[in-house]
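The values are calculated or read from the model by the stated rules, or taken from the named source; none is laboratory data. Remember, it's a predicted structure, so these values are computed and weren't measured experimentally. Positions of Cβ are generated from backbone atoms using ideal geometry, with glycine treated the same way; all protein chains shown enter the neighbour counts.
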Amino acid sequence: MTITLEPIGIVRSCYPEKFGVPRQPGLIKSAKAVIEFFPPYSNPECFIGLDGFSHIWVTFQFHKNLTQGWKPRVRPPRLGGNKSLGVFATRATFRPNGLGLSAVRLASLITRDGETCLEIEGGDFVDGTPVIDIKPYVAYTDSLEATSGFAKESPQPRLPVIMEAEAESFLCSHSERYPDLKTLIIETISLDPRPQYKGADDSKVYGLALFDLNIKWQVVDHMARVIEISKSA
């Protein structure tokens, strides 16, 4: 049996690359995005009644990984990247059909020129992610008392993040174009997107892509320091 999935739209996200994207939805409230729908799925009639829900489920495809196929065993970052588990016991991106599922906050519905798009918050999407389906989040049935295996609690504590003078200068001079950029940078880096196997003494300078910007940062003495913010080449 062959099943063909047709994307109904794409996500326009602040994360142009995989590095830095939160590993779970809801961890970064300032990670705002827009779901743009392809015709005929952009028809406003498709969304009548959706504004009564605060959250939605988004079924999407890990499009950056499709050519690499799937793996029966994977190494979850939550376990330090050194222990492997079965793919179906994780939320790994390298999986059959490359499908993902995220619950996000529905900020607003926007209809222009007879087409509707959705503004969402707290997503974990790379820019251009294909959307396969959306459904309303129904609290009485979707919010369950459950056990969570190796992911019993949210990753804590978060890294403290400070801005060096050059980075602060960029933020001040570009505040109108990027009004919530500082919050987004702090929330993203505080989750420590570095490879988990690197260890606490990893002081490499990393580059994080947000929008059309490159953010250089490093961790020194268990504190993340944002060194520089510049336009991407």
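Of the residues that make up region 85-107, is at least one assigned to a strand (DSSP E or B), small (Gly, Ala, Ser), free of Cβ contacts under 8 Å to residues at least 40 places away in the same chain and more than 28 Å from GLN218 (Cα to Cα)? Checked region 85-107: at least one residue is assigned to a strand (DSSP E or B), small (Gly, Ala, Ser), free of Cβ contacts under 8 Å to residues at least 40 places away in the same chain and more than 28 Å from GLN218 (Cα to Cα). Please tell me if GLU187 is buried (at least 18 other Cβ atoms within 10 Å of the Cβ), under 14 Å from the mean Cα position of the chain (by Cα), outside the structural domain of ASN82 (by TED's automatic domain parsing) and not β-branched (Val, Ile, Thr). Yes, satisfied. The criterion of being within 18 Å of the chain's Cα centre (by Cα), within 29 Å of PRO7 (Cβ to Cβ) and not assigned by TED's automatic domain parsing to the domain that holds TYR15 does not hold for LEU118. Against the list (1) at pLDDT 95 or above; (2) exposed (fewer than 13 other Cβ atoms within 10 Å of the Cβ); (3) in a loop (DSSP other than H, G, I, E, B), the condition LYS152 fails is (1). Considering region 180-220 alone, what residues qualify as being part of a loop (DSSP other than H, G, I, E, B), in contact (Cβ under 8 Å) with a residue 24 or more places away in the chain and among the hydrophobic types (A, V, I, L, M, F, W, C)? Matches in region 180-220: LEU191, PHE211. When region 125-140 is filtered for residues that are modelled with pLDDT of 95 or more and not in a loop (DSSP other than H, G, I, E, B), the ones remaining, listed by number, are PRO130, VAL131, ILE132, ASP133, ILE134, LYS135, PRO136.
Do we find that PRO77 is touching a helix residue (DSSP H, G or I) at 6+ places or on another chain (Cβ under 9 Å) and surrounded by fewer than 16 Cβ atoms within 10 Å (Cβ to Cβ) in this structure? No. Restricting attention to region 18-37, the residues that are modelled with pLDDT of 95 or more and surrounded by fewer than 14 Cβ atoms within 10 Å (Cβ to Cβ) add up to 0.
Just so you know, in region 58-74 the residues that are of a type in the set (A, V, I, L, M) and part of a strand (DSSP E or B) include one that is surrounded by the most Cβ atoms within 10 Å (Cβ to Cβ), and it is VAL58. Taken over region 1-53, the criterion of being hydroxyl-bearing (Ser, Thr, Tyr) and more than 24 Å from PRO179 (Cα to Cα) is satisfied by THR2, THR4, TYR41, SER42. Report yes if SER102 is surrounded by fewer than 17 Cβ atoms within 10 Å (Cβ to Cβ), among the hydroxyl-bearing types (Ser, Thr, Tyr) and assigned by TED's automatic domain parsing to the domain that holds ILE35, otherwise no. Taking the combined requirement at face value, the residue does not satisfy it.
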